[in-house]
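Notes follow once the structure below has been shown.
The values are calculated or read from the model by the stated rules, or taken from the named source; none is laboratory data. What you see is a predicted model, and the numbers here were worked out from it, not measured in a lab. So basically every Cβ, Gly included, is an ideal-geometry build from the backbone, and we count neighbours across all protein chains shown.
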Ligand SMILES: Cc1cc2nc3c(=O)[nH]c(=O)nc-3n(C[C@H](O)[C@H](O)[C@H](O)COP(=O)(O)OP(=O)(O)OC[C@H]3O[C@@H](n4cnc5c(N)ncnc54)[C@H](O)[C@@H]3O)c2cc1C
């Protein structure tokens, strides 16, 4: 190949040798930097910790409703949405934060909306027929053609979907292609083919080995045996030794579960690749559905009909079945109040449910801490090798990379954007990582994120207008070996009327479909109980 | 000390060959005809080395100090040679003279190095050992350089940065000698200061290589750059060579005034002449006002809406006298309404009261990246439907069906997938090549047989011929360009990268 003029003049850009990488921006880099405005926002850990530590004043008043839902994450909102649809309208949703949405929360500034947590949903799997109605309701699925759903083009992820930064350059796709050996390539191929075959693999019971929702999966013992070893060990046993392949899979596990591939259950690891078998009439099978505000779109839509019935800033600290109704006490920041209901759905993570109702306690539920930063940029990130994509992954980085909020806007070249940086804190045990993270100041986080960003994007020095950081102390359930098909989770699935539970961590994997399904199921159980 | 000097031999040999390779590459790159350029550069360089060797005999005293001075000088001249040559390529009357002059200077300086070193070392080794060692290191250095150059330097650092880097190595040899030598050196302080200054110059050059490159970039245009401006959206450059005015956006040629009439007549008239009294016209892109010039040749036209992203474009082409002459001041037409907006967003948010345009001209840059690719997608063409009536026509400039056959037919097939009937055609525009267009319509399109008077390119015969494709450019099946799968961008990249070296 002939070198192009640009290559001849500039080199390929992997001139990351010494100063070369920052060369055109030396002045930008050395001039005194104004601190970037912003702060640590969200996830009210102070109030949350009160639940662990504190005594609360006695309630000053009381009220009565048919159903109380504790927590307005996707599971809680889904339960409320379905109860409402079923005609059970006297509902209150109590939410600790000042907004609904939980992990699907999103933000907004004058440039764009942007996600704070969950940011996409894959095409609905073959077991997710029950979610189709919702998607039709919300205009996400607009019709059907050739027996397949037609998805709204505005929400189908635009091309280019992902790019990977390695050796000073970007490449399309997430599997390293530059400088990998023929053996690596062969292993990629074999691995991907095996994942494809897992996608359609069914047990004797006719169910897929890896289904979404996970409880629709086959009970096949060979499938469940995969839950007893780690993903890394499974790969090695299956003859996958390629370093870049391990890097890719480890990235996938950290991205989806916040757990490294040498810790996570192989069943969960494979589930990430094999669970999503969705198809659409108007896009490719591995496509996903996304919005500038991420799954905040879904949270808002679910919360809309509940307006007035969601009580924000309501920390539930006591739930008690008196026999004549369930008492729910909450603290609104100033005073405590009491509500009584015929049924309660606890839609909080299990470690909180366990504090509210001690029998629900289970030490097997462990959680991965994450940090998310939203950065407002006065110019688009550049980079040689491949155009800016939706998901921009930096190889071997502690943080995963960033997602571009304006990617779905069909505008040719937005001049400003917001990028969402994701960082699962997997370098330490969850407890230690949480402790380290809580001790950090905004300035510490700024330094960490910016050094990461500027290493890859020196051209952005001086163009970060704002930055906010969100610490999710207990972001996601960790599917450690033995958890998904173990006793703790099986026990957690049992409902004990009049107190019901619904949360994605009851699935052992933290995704929209699971949260939504648990909410739907809880609403059905509540309805049956009330009738 | 001896060992140090032998290491210097290795370094200077590497540097020497690198400068030669840089000059050769640069010359063949800038001037073309690489065989001639390389052989004359090598010849000149070797001959200059000969002069240097010969001249070295004239130096008698203070050999070491002299050697240090030579190193500093080689570092300065060799190190900055690539930057100087790139920057001055278009500025000096005789670039060749400058090129060979610099090559000769470097050659002479490099030619002096080895003989002087041999003489410095002559008392420390036996003659046979001396010659054997020095030349061994010399040749190893050369081999090292010749492998390093194509594999590491050109692809990763680029020529300008490489040359500064090796200049720095030369000066480092000088500094090393200055600081490690025990024996007194006359004017040692002055030498150190000089080496320090040159070191700073080279380091600054190294650090600013990208800036220098982008300065030099304007020199890649044929003709003199008479206007250059970076807007938030693109880099606009206008060049002039004799009477040829050219517009480049992000270094891609948009038109040459020599033959733009061919491009624009072919873009406009097959659509305009096919319509009965077209009144309401939309132009997307085309901020240069040249398509508009052709459109205004139809008296029935009442309103023209021009949507161009970049206000700097429409401003430039409506203010510069030279460009106003070229577009016949079309941008000042009272019929024109300019909207500086993103065409996709504008169409999407037009609201319920959508105007219907009789003719739409889409004159956008080629689909070379994912951003512009959105304006070639089914989603965008779907929006076009909403502003077209049953008899409306739209035409899309669609890159070259000869060079980029898949890309061209991908545009055509994407329009079909978006529910249009299509009529593809092509015209020869020398500055571009054999260029393609696609007409999109809701009813079958017939090529008009009558055209306005005074056209230079289009008449009934030319127009008819434009619609037939020889076998090497004929229709092929392609993927469809969709927002979630931009096949066209991959086609375009693949096809043009085979063809273009820039
Ligand atoms: C950084 C990040 C990225 C993610 N990305 C994706 C993604 O791209 N796609 C995807 O499908 N999933 C993603 N997820 C997973 C996401 O968790 C699920 O999709 C889903 O949003 C979980 O919903 P949930 O209702 O089960 O739980 P939660 O969102 O945890 O909801 C629990 C709610 O209960 C509230 N609460 C807790 N305690 C109390 C109390 N005592 N009183 C009152 N209220 C209380 C909480 O404030 C919260 O609103 C991501 C998660 C994180 C953290």
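What the table shows:
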quantity: Check on residue A:310, modelled with pLDDT of 95 or more, farther than 19 Å from residue A:100 by Cα and within 12 Å of the ligand (Cβ to nearest atom); calculated: no
quantity: Selection status of residue A:460, more than 20 Å from residue A:216 (Cα to Cα), within 16 Å of the ligand (Cβ to nearest atom) and surrounded by fewer than 24 Cβ atoms within 10 Å (Cβ to Cβ); calculated: no
quantity: Among residues of the range B:475-486, those that are out of contact with any helix residue (DSSP H, G or I) (no Cβ under 6 Å at 6 or more places or on another chain) and either within 14 Å of chain A (Cβ to nearest Cβ) or free of Cβ contacts under 8 Å to residues at least 24 places away in the same chain (or both), counted; calculated: 2
quantity: Residue within the range A:194-201 that is more than 21 Å from the chain's Cα centre (by Cα), more than 30 Å from residue A:505 (Cβ to Cβ) and not in a helix (DSSP H, G or I) present; calculated: no
quantity: Selection from the range B:489-502 of residues that are more than 10 Å from chain A (Cβ to nearest Cβ) and crowded, with 16+ Cβ neighbours inside 10 Å; calculated: B:491, B:492, B:495, B:496
quantity: The range A:246-273: number of residues that are in a helix (DSSP H, G or I) and away from the ligand (no atom under 16 Å from the Cβ); calculated: 9
quantity: Residue within the range A:319-338 that is crowded, with 24+ Cβ neighbours inside 10 Å, in a strand (DSSP E or B) and within 14 Å of the ligand (Cβ to nearest atom) present; calculated: yes
quantity: Residue check, residue B:462 without any contact (Cβ under 8 Å) to a residue 40 or more places away in the chain and either exposed (fewer than 13 other Cβ atoms within 10 Å of the Cβ) or more than 14 Å from chain A (Cβ to nearest Cβ) (or both); calculated: yes
quantity: Filter pass, residue A:466 being surrounded by fewer than 23 Cβ atoms within 10 Å (Cβ to Cβ) and either modelled with pLDDT of 95 or more or assigned to a strand (DSSP E or B) (or both); calculated: yes
quantity: Residue within the range A:353-366 that is part of a strand (DSSP E or B), at negative phi and more than 14 Å from every other protein chain (Cβ to nearest Cβ) present; calculated: no
quantity: Output for the range A:451-463, where each listed residue is in contact with a strand residue (DSSP E or B) (Cβ under 7 Å, 6 or more places away or on another chain) and either part of a loop (DSSP other than H, G, I, E, B) or closer than 30 Å to residue A:75 by Cα (or both); calculated: A:463
quantity: Residue match in the range A:278-292 (condition: in contact with a strand residue (DSSP E or B) (Cβ under 9 Å, 6 or more places away or on another chain), more than 30 Å from residue A:201 (Cα to Cα) and either within 15 Å of the ligand (Cβ to nearest atom) or within 14 Å of chain B (Cβ to nearest Cβ) (or both)); calculated: yes
quantity: Residue B:299 being out of contact with any strand residue (DSSP E or B) (no Cβ under 8 Å at 6 or more places or on another chain) and either assigned to a loop (DSSP other than H, G, I, E, B) or within 14 Å of another protein chain (Cβ to nearest Cβ) (or both); calculated: yes
quantity: Cross-chain or 6+ apart pairs with Cβ under 7 Å, the range B:99-123 first and assigned by TED's automatic domain parsing to the domain that holds residue B:37, then outside any helix (DSSP H, G or I); calculated: B:116/B:59
quantity: Verdict on residue A:474 being within 16 Å of the ligand (Cβ to nearest atom), under 24 Å from residue A:129 (Cβ atoms) and away from chain B (no Cβ under 14 Å); calculated: no
quantity: Single residue of A:131, A:156 found to be within 25 Å of the chain's Cα centre (by Cα) and closer than 27 Å to residue A:71 by Cβ; calculated: A:131
quantity: Some residue of the range A:503-516 being out of contact with any helix residue (DSSP H, G or I) (no Cβ under 9 Å at 6 or more places or on another chain), more than 14 Å from chain B (Cβ to nearest Cβ) and within 16 Å of the ligand (Cβ to nearest atom); calculated: no
quantity: Selected residue (only one of B:187, B:176 is assigned by TED's automatic domain parsing to the domain that holds residue B:50 and under 15 Å from residue B:15 (Cβ atoms)); calculated: B:176
quantity: Residue B:263 under 16 Å from residue B:395 (Cβ atoms), more than 28 Å from the chain's Cα centre (by Cα) and at pLDDT 95 or above; calculated: no
quantity: Top-ranked residue in the range B:1-30 [being over 15 Å from residue B:150 (Cα atoms) and within 14 Å of chain A (Cβ to nearest Cβ); ranked as modelled with the lowest pLDDT]; calculated: B:30
quantity: Test result for residue A:437, within 14 Å of the ligand (Cβ to nearest atom), out of contact with any helix residue (DSSP H, G or I) (no Cβ under 8 Å at 6 or more places or on another chain) and in contact (Cβ under 8 Å) with a residue 12 or more places away in the chain; calculated: yes
quantity: Selection from the range A:401-441 of residues that are part of a strand (DSSP E or B), away from chain B (no Cβ under 14 Å) and over 17 Å from the mean Cα position of the chain (by Cα); calculated: A:418
quantity: Strands (runs of 3 or more DSSP E) fully within the range A:46-142 counting 3 or more residues that are more than 15 Å from the ligand (Cβ to nearest atom), out of contact with any helix residue (DSSP H, G or I) (no Cβ under 7 Å at 6 or more places or on another chain) and over 30 Å from residue A:435 (Cα atoms); calculated: A:62-70
quantity: Of all residues making up the range A:159-190, the number that are in a loop (DSSP other than H, G, I, E, B) and away from every other protein chain (no Cβ under 14 Å); calculated: 6
quantity: The listed residue being farther than 18 Å from residue A:511 by Cα, more than 14 Å from chain B (Cβ to nearest Cβ) and touching a strand residue (DSSP E or B) at 6+ places or on another chain (Cβ under 8 Å), out of A:310, A:264; calculated: A:310
